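Quick notes on the structure that follows.
The values are calculated or read from the model by the stated rules, or taken from the named source; none is laboratory data. All figures in this text were calculated on a predicted structure; none of them were measured in a lab. Don't worry about glycine lacking a Cβ; one is built from the backbone with ideal geometry, like all the others, and counts go over all protein chains shown.
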Number of protein chains: 2
Amino acid sequence: MESQLIAWLRERIPPHPRLRLGLGDDAAVFQLAREEDCVVTVDALMDGVDFNLVEAASCRFPAASPQHAGRKALAVNLSDLAAMAARPLLGVVALVLPKQGGLEIARGLYEGMLPLAEQYDLAIAGGDTNSWDHPLVVSVTLIGRATGRGPLRRSGAQPGDRIVATGRFGGSLLGKHFHFEPRIQEAIYLHEHFRLHAGIDVSDGLALDLSRLAEESGCGAVLDLSAVPIAEDAKRLAEQSADGRTPLDHALSDGEDFELLLAVPPEEAEKLLAEQPLEIPLAAVGEFIAEPGLWRREGKGPRRPLTPGGWLHDFS
Amino acid sequence: MESQLIAWLRERIPPHPRLRLGLGDDAAVFQLAREEDCVVTVDALMDGVDFNLVEAASCRFPAASPQHAGRKALAVNLSDLAAMAARPLLGVVALVLPKQGGLEIARGLYEGMLPLAEQYDLAIAGGDTNSWDHPLVVSVTLIGRATGRGPLRRSGAQPGDRIVATGRFGGSLLGKHFHFEPRIQEAIYLHEHFRLHAGIDVSDGLALDLSRLAEESGCGAVLDLSAVPIAEDAKRLAEQSADGRTPLDHALSDGEDFELLLAVPPEEAEKLLAEQPLEIPLAAVGEFIAEPGLWRREGKGPRRPLTPGGWLHDFS
């Protein structure tokens with residue numbers, strides 16, 4: 001279990017004066033020349049787990065092109081920078097290619113990455129290329145720069161803060177998981193113009209990532225199920241599948257929405273929601289409370305425990 | 001072929017004002033706050049290719065512990081920083097773990113990495129952990145800081161420069177490939193106290209990496225085969241195997257020596273070799289020439305073409 005490993009690592013990795021932020025956040029922050037906060041993040045994506053280059057019965061996804069896989073590999077990392085409200089600076093890419101067809105795959109991956117890099121003014125600094133007799137792995141590391149307000153962190157939420165979400169949730173399997181826009185501009189704009197206490201991007205599921213934000217902040221979170229913005233694809237996915245999961249179930253636990261969850265003080269949240277300063281909708285979906293744990297309510301109804309479903313990397 | 005991919009990428013990755021050095025070197029260099037050169041490098045290592053967690057008939061290596069694999073994954077990246085004469089600052093680690101036994105492997109990897117990180121005052125900033133049904137991949141990204149003289153590059157060798165090597169070569173399979181010391185201190189000391197034109201670390205083979213240095217510098221290189229320092233393990237490996245390869249063959253192409261090859265102007269090389277300022281030996285093993293290509297000679301004998309054997313990641 002990953003959380004076990006992180007707990008184990010926290011005990012073993014000593015604090016370092018250069019490292020302002022290490023384990024437990026979306027990215028690492030270090031300071032250079034006492035002027036700028038640099039943000040570093042890494043994410044590895046694997047064929048058969050995060051995408052499927054070849055369609056197979058056992059797959060979660062329909063077959064994807066290397067271009068789609070490449071774009072996604074970069075975009076998930078950009079989303080981590082967005083979670084910190086950091087501007088992308090530079091990226092390096094480590095590829096582990098299958099021996100057969102590796103060259104074409106590598107090209108396709110970069111074809112998927114480069115336009116996105118250009119869009120976000122990210123310098124791709126090359127990296128490392130390897131090959132083997134197993135499926136593709138793409139590992140992307142990004143370095144970014146925090147705004148003058150410093151990085152947005154997971155650990156600043158306070159009881160009473162509203163949970164504010166960008167966009168809509170659920171059904172990412174129907175396409176969004178390849179075509180999402182990392183919320184870089186939105187995060188930077190909000191961080192610079194509003195008082196945000198904490199933030200996270202939703203990669204593994206709305207409920208799961210919210211519970212992580214609350215845990216890092218040492219508080220609890222109550223999700224108002226009646227207020228969760230549900231994506232059209234969540235409804236479509238619920239209709240298509242016979243597993244009985246509702247559109248809300250999909251919104252809570254599908255993951256790969258790559259939207260932002262923000263902790264915003266109540267008055268500031270009111271202002272933010274009234275202004276709606278972004279092109280995408282902002283919605284209040286609950287609030288943080290002193291009591292730890294993840295909770296649900298419907299509108300003004302009673303509060304009950306909520307088990308965070310979502311995508312976990314299981315290993316033992 | 002990797003070189004094909006790099007050539008293809010060079011055409012497609014536009015120059016970026018922030019990026020002082022990208023493709024074609026051991027690490028990327030970018031500048032922050034107009035004060036310091038940061039160096040970024042990434043290397044992914046794979047079970048069954050760079051080490052074997054389980055012994056198998058098809059393996060190049062005897063079985064290694066996760067600790068050995070972890071140390072190696074960090075050390076090869078430190079060696080890339082050494083090649084740039086950069087001080088380690090910060091590292092992030094992406095793990096792709098097998099589902100079975102992944103937790104124990106991950107711990108072992110970090111157990112191998114952390115002492116080395118401490119030794120080199122490297123801040124490990126966490127990273128990303130994933131799992132799947134295939135062998136282990138460890139991808140390490142390091143950020144370092146160049147000395148006041150700027151990063152040592154592959155591209156500065158000039159005709160007439162001597163080729164100066166640290167240490168001894170060959171036979172790394174017998175143990176050195178896990179236990180080598182990245183030449184960080186040596187590279188920084190030499191770069192700060194002597195006039196070096198270019199440098200590279202030998203990961204894929206003395207001959208192959210020398211040819212890369214020469215190519216990046218737009219010149220050729222003549223290796224004096226009678227001057228190559230041969231490791232004891234190269235002799236032992238030649239004795240053990242019946243493939244007819246001599247100790248020199250091993251020294252030229254085994255790879256994973258993680259020694260440095262430096263391009264040093266003739267007078268400076270003379271001074272350097274006379275002083276022998278390091279605890280490890282420095283040797284002149286040839287010189288750079290205007291005519292491109294890799295060449296060999298024995299002492300004062302005639303110059304003949306040399307085909308660089310070595311470790312290449314083959315994919316098609």
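Within region B:93-107, residues that are more than 7 Å from chain A (Cβ to nearest Cβ) and assigned to a helix (DSSP H, G or I) sit with their Cβ atoms under 8 Å from residues that are surrounded by 17 or more Cβ atoms within 10 Å (Cβ to Cβ) and modelled with pLDDT of 90 or more, at 6+ positions apart or across chains, in these pairs: B:E104/B:P66; B:I105/B:L53; B:I105/B:P66; B:I105/B:L97; B:I105/B:P98; B:I105/B:L136.
Filtering A:A187, A:A234, A:A157 for residues that are in a loop (DSSP other than H, G, I, E, B) and in contact with a Gly (Cβ under 9 Å, 6 or more places away or on another chain) leaves a single hit, A:A157. Taking the criterion of being out of contact with any strand residue (DSSP E or B) (no Cβ under 7 Å at 6 or more places or on another chain), crowded, with 20+ Cβ neighbours inside 10 Å and aliphatic (A, V, I, L, M), the residues of region B:235-256 that qualify are B:L237, B:A238, B:L252. Among the residues of region B:250-262, is there at least one that is part of a loop (DSSP other than H, G, I, E, B), among the aliphatic types (A, V, I, L, M), under 18 Å from B:F180 (Cβ atoms) and in contact (Cβ under 8 Å) with a residue 24 or more places away in the chain? Scanning region B:250-262 turns up no residue that is part of a loop (DSSP other than H, G, I, E, B), among the aliphatic types (A, V, I, L, M), under 18 Å from B:F180 (Cβ atoms) and in contact (Cβ under 8 Å) with a residue 24 or more places away in the chain. Here A:R153 clears all of (1) more than 23 Å from B:G126 (Cβ to Cβ); (2) outside the structural domain of A:Q67 (by TED's automatic domain parsing); (3) modelled with pLDDT under 95 except the condition numbered (1). Here B:G170 fulfils each of the conditions (1) surrounded by fewer than 23 Cβ atoms within 10 Å (Cβ to Cβ); (2) among the small types (G, A, S); (3) over 17 Å from B:A82 (Cα atoms) apart from (1).
Only one of the numbered conditions (1) modelled with pLDDT of 95 or more; (2) assigned to a loop (DSSP other than H, G, I, E, B); (3) of a type in the set (G, A, S) is violated by B:A75, and that is (2).
Taking the criterion of being surrounded by fewer than 24 Cβ atoms within 10 Å (Cβ to Cβ), more than 7 Å from chain B (Cβ to nearest Cβ) and more than 19 Å from the chain's Cα centre (by Cα), the residues of region A:120-146 that qualify are A:D121, A:D133.
To keep it simple, each residue is scored yes or no on (1) touching a helix residue (DSSP H, G or I) at 6+ places or on another chain (Cβ under 6 Å); (2) among the acidic types (D, E).
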{"site": "B:L109", "(1), (2)": "yes, no"}
{"site": "B:E118", "(1), (2)": "no, yes"}
{"site": "B:A125", "(1), (2)": "no, no"}
{"site": "B:T129", "(1), (2)": "yes, no"}
{"site": "B:V137", "(1), (2)": "no, no"}
{"site": "B:G148", "(1), (2)": "no, no"}
{"site": "B:R162", "(1), (2)": "yes, no"}
{"site": "B:G170", "(1), (2)": "yes, no"}
{"site": "B:I188", "(1), (2)": "no, no"}
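Of the residues making up region B:74-84, one or more are charged (D, E, K, R), surrounded by 18 or more Cβ atoms within 10 Å (Cβ to Cβ) and closer than 30 Å to B:G148 by Cβ.
When you check A:L173 against the structure, is it more than 14 Å from every other protein chain (Cβ to nearest Cβ), in a helix (DSSP H, G or I), touching a residue at least 60 places away in the same chain (Cβ under 8 Å) and more than 30 Å from A:Q100 (Cβ to Cβ), yes or no? No. Go through region A:194-231 and give me each residue that's more than 13 Å from A:L261 (Cα to Cα) and either in a loop (DSSP other than H, G, I, E, B) or in contact with a Cys (Cβ under 9 Å, 6 or more places away or on another chain) (or both). Listed by number, the residues that qualify are A:F194, A:R195, A:G218, A:C219, A:A231.
With respect to the conditions (1) closer than 17 Å to A:A283 by Cβ; (2) within 17 Å of the chain's Cα centre (by Cα), A:I184 falls short on a single one, namely (1).
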